[in-house]
Each structure stands twice: as structure tokens, then as C-alpha cells.
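Below: the structure, in C-alpha cells.
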Amino acid sequence: MTADSEQSVPGTAGEPGPGTATVTEESAGTGAAGADGAAAAPETPEAGAGPEAGEAPDPETAPWSGPAMWVVPALVAALGAVCLWGAFTVEAPPNVTRPGPAAFPGAVGGLLLLVAACLSAVNVRNLRSGAGSGGNGLAWFEGRPVLLILAGLVVHIAVLEYVGWLLSGALLFWVVAYAFGARAHVRDAVVALSMSAAVQVGFSLGLGLSLPGGFLELVL
């Protein structure tokens, strides 16, 4: 009894036996696995969330889907039709030489209709491949610049006969620059006025047409 007890004491109070060592390794492995699991837990993505879930789609690469995919082709086609209508209905003076005042709006209208046809062909191809099906692709669309440009165009047409092309054209150029994010107002006004004057000189010398001068024509 004394020998058995003396032999059992080193196994209990001294160095751990094989069984004790096995239990210690398993518990250590469990603790390491738990620590690794706790460290890897925040990296686990949520269900249904992809790597680009919070990123907005790129309008240059992601096609519009649903009825929104026909908005731009329709607008471009309508603008081209208006340009062609203006080219065919413009009244040219009898002394105007070719190509005449109808050449410029006619060329712009034809190019716009060609662009609308290309956009429609791309939409049809996307529909056949399945890329154009789904929800509304206008979720990324920002209407503020478009509304600013439309408002500037309306004001330009309304005041063209009264203030003349030089000022109304400069106003239109300035509004377009502002809508696209330009905030150097004095510099933009100088550039817009220069472009408007260049267009007026080009129409006068190149096409033999006099754009509306407005009250500046009476003053100067």
C-alpha cells in the first residue's frame, strides 16, 4: 500500500502523465481554434452582401435596365428630329450661297438620329443577352445638372431676340459649365463670352449669317 501510494504521488502531484498531457493539448487546440474563430468572425460577410454592394454602378459600364434604357435614345432622337425640322423649314435669303443656313442644323440633326439609332441597337443587344433586364437603372441618375441645363436653354431661347446672341449664348455656355461643376464664375464668364463671340464671328464670316444682335445692335 505504501509503495503504491508513493508511486501514485509523483503521477498526481509531479509531472503530468500521458493522459493529462493529452487533455492539455486538446484544450490548448480548442482555445486556439476559438481564438482564430473569434478573430475571423468580423471578416465573415453578411448574407447577400457582395464586395461591391455599397458601390454605385458606373454609367459607362453598367447598362440602364427596364424602361429607363430607352430614355436617352428617345431624347436624342427627339432633338435630332427638331434639328432636321428646323433645317427644312428655315427661310434663307435669296443671296445666300451654299451650303446655306440649313446645312448646320441638318448635319447636327442627322448625327443625332444616327446616335439614337446606335443607342437603340445597343439596348436591343443588351436585351437579347439579358444585360438589360432587371430593375430601374436610373437609381444612380442625378437630375440636377440636366435640369440646370434645360433651364438655361429655356432662358436662352426666351431672351435671344432681346439681348442678342452674344449675351444669351454666353449665358448658356456659363450655365452649362456651372451644371458640370465649374465654380470659377469670373473665369467661366470670360470664357463663355469669348466662345459666344467666336460662334457669332464664325456664323457671320463662314456662313454669311447674322445672329440676333438684340439691343447691342442698336447701341453699337
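Note on residue 89/residue 125: beta-carbon distance plugged into 1/(1 + (r/R0)^6) with R0 of 35 Å gives a FRET efficiency of 0.50. The label point for residue 146 and the one for residue 199, both projected 7 Å from the Cα toward the Cβ, are 2.2 nm apart. Put a dot 7 Å past the Cα of residue 72, heading toward its Cβ, do the same for residue 187, and the two dots end up 2.9 nm apart. For region 176-220, the residues whose backbone nitrogen is under 18 Å from a point 7 Å from the Cα of residue 153, taken along Cα to Cβ, are 176-181.
Here, each number is a calculation from the coordinates, and none is a lab measurement. As the structure is a prediction and not an experimental result, all values here were calculated from the model. Here Cβ is always computed from backbone atoms with ideal geometry, including for glycine, and neighbour counts include all displayed protein chains.
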